[in-house]
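Shown below is the structure under consideration.
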Amino acid sequence: MAERLAVPLADALAHDESLGDAIGRLASSFALLPELAGAMAQAGVLAGEDYRRETEAIIRAHADDGAVVLGRAGALVLRDRPDALHVRLDGPPGRRIERVMERQGVGRAEAERLRRDGDRAREAYVRHFYGADARDPALYHLVVDSTRLEPAAIVDALAAALRR
């Protein structure tokens, strides 16, 4: 995306990570005040539509090659493709926090913050750009509790689902 928009990779990554929080703050506000709109424009949030369009173009281009899309509302972007398998990896918040602690070597408070912020950003992104609830199981063919299965078992299950 950075290459397509002719921006530094760091800018694209920073935009991707901050967009959900900004949209979440907007969605949770009671009214869109002119001052807020101005601040969001200065922060580049209103240019988020460019990033969304480019993200969709990239996802669609790679879908023909059998790509795996993590996040980015892939289930919605590819909803009309009969060859796409839509999977949501989820699990109870407490177990997801424990997994973050194990895999990233952070304490409980940081793991809770990462889980909460990630969920909020993902849900805000999907709500803002697609008017959908990212947690809606109807968007997915499979919803997997990834906190109860080892990664290899998840891969095996998804590979079996793809073959069918």
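Can you tell which of Leu158, Leu149 is open to solvent by 30 Å² or more (accessible area, probe 1.4 Å) and either in a helix (DSSP H, G or I) or modelled with pLDDT of 95 or more (or both)? Please lay out each step first, then the result.
Working: Leu149 fails: either in a helix (DSSP H, G or I) or modelled with pLDDT of 95 or more (or both).
From the options Leu158, Leu149, the qualifying one is Leu158.
Also, I was wondering about something else. Could you go through region 97-110 and let me know if any residue there is among the acidic types (Asp, Glu), over 16 Å from the mean Cα position of the chain (by Cα) and within 18 Å of Glu56 (Cβ to Cβ).
Step one: filter region 97-110 for residues among the acidic types (Asp, Glu), giving 98, 102, 110.
When the remaining residues are screened for being over 16 Å from the mean Cα position of the chain (by Cα), the result is 98, 102, 110.
Subsequent filtering for residues that are within 18 Å of Glu56 (Cβ to Cβ) retains none.
Checking region 97-110: not a single residue is among the acidic types (Asp, Glu), over 16 Å from the mean Cα position of the chain (by Cα) and within 18 Å of Glu56 (Cβ to Cβ).
State the number of residues belonging to region 121-146 that are assigned to a helix (DSSP H, G or I) and more than 16 Å from Arg88 (Cβ to Cβ).
Filtering region 121-146 for residues assigned to a helix (DSSP H, G or I) gives 121-130, 137-139.
Retained after the next criterion (residues that are more than 16 Å from Arg88 (Cβ to Cβ)): 124, 128-129.
Counting residues in region 121-146 that are assigned to a helix (DSSP H, G or I) and more than 16 Å from Arg88 (Cβ to Cβ) gives 3.
Being open to solvent by less than 60 Å² (accessible area, probe 1.4 Å), of a type outside the set (Lys, Arg) and modelled with pLDDT under 95: is that true of Ala132 here?
Working: open to solvent by less than 60 Å² (accessible area, probe 1.4 Å): yes; of a type outside the set (Lys, Arg): yes; modelled with pLDDT under 95: no.
No; evaluated as a whole, the condition is false for this residue.
For (1) touching a helix residue (DSSP H, G or I) at 6+ places or on another chain (Cβ under 7 Å); (2) open to solvent by 40 Å² or more (accessible area, probe 1.4 Å); (3) among the aromatic types (Phe, Trp, Tyr); (4) closer than 26 Å to Asp156 by Cβ, each residue gets a yes or a no:
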residue: Val68; (1), (2), (3), (4): no, yes, no, yes
residue: Leu76; (1), (2), (3), (4): yes, no, no, no
residue: Ala84; (1), (2), (3), (4): yes, no, no, yes
residue: Leu89; (1), (2), (3), (4): no, yes, no, yes
residue: Glu112; (1), (2), (3), (4): yes, yes, no, no
residue: Arg115; (1), (2), (3), (4): yes, yes, no, yes
residue: His128; (1), (2), (3), (4): yes, yes, no, no
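Give, as residue ranges, the helices (runs of 4 or more DSSP H) completely inside region 1-117 that count at least 3 residues that are at pLDDT 95 or above and on the phi < 0 side of the Ramachandran plot. So that I can check it myself, show each step before the final result.
On the way: elements: 2-5, 9-28, 34-42, 48-63, 74-77, 93-104.
Filter on region 1-117 gives 74-77, 93-104.
Could you grab the pairs with beta carbons closer than 7 Å, sequence gap of 6+ or different chains, first residue in region 37-58 and more than 16 Å from Tyr130 (Cβ to Cβ), second one modelled with pLDDT under 80 and open to solvent by less than 40 Å² (accessible area, probe 1.4 Å)?
Short answer, once both residue conditions are applied: Met40/Ala22; Ala43/Ala22; Gly44/His15; Val45/Leu19; Val45/Ala22; Leu46/Met40.
The values are calculated or read from the model by the stated rules, or taken from the named source; none is laboratory data. The structure displayed is predicted, hence computed values, not measured ones. Because the Cβ atoms are built from the backbone with ideal geometry, glycine has one as well, and the counts that use them run over all protein chains shown. We work out accessible area using only protein heavy atoms, side chains counted, and drop any ligands, DNA or RNA first. Shrake-Rupley method; radii C 1.70, N 1.55, O 1.52, S 1.80 Å.
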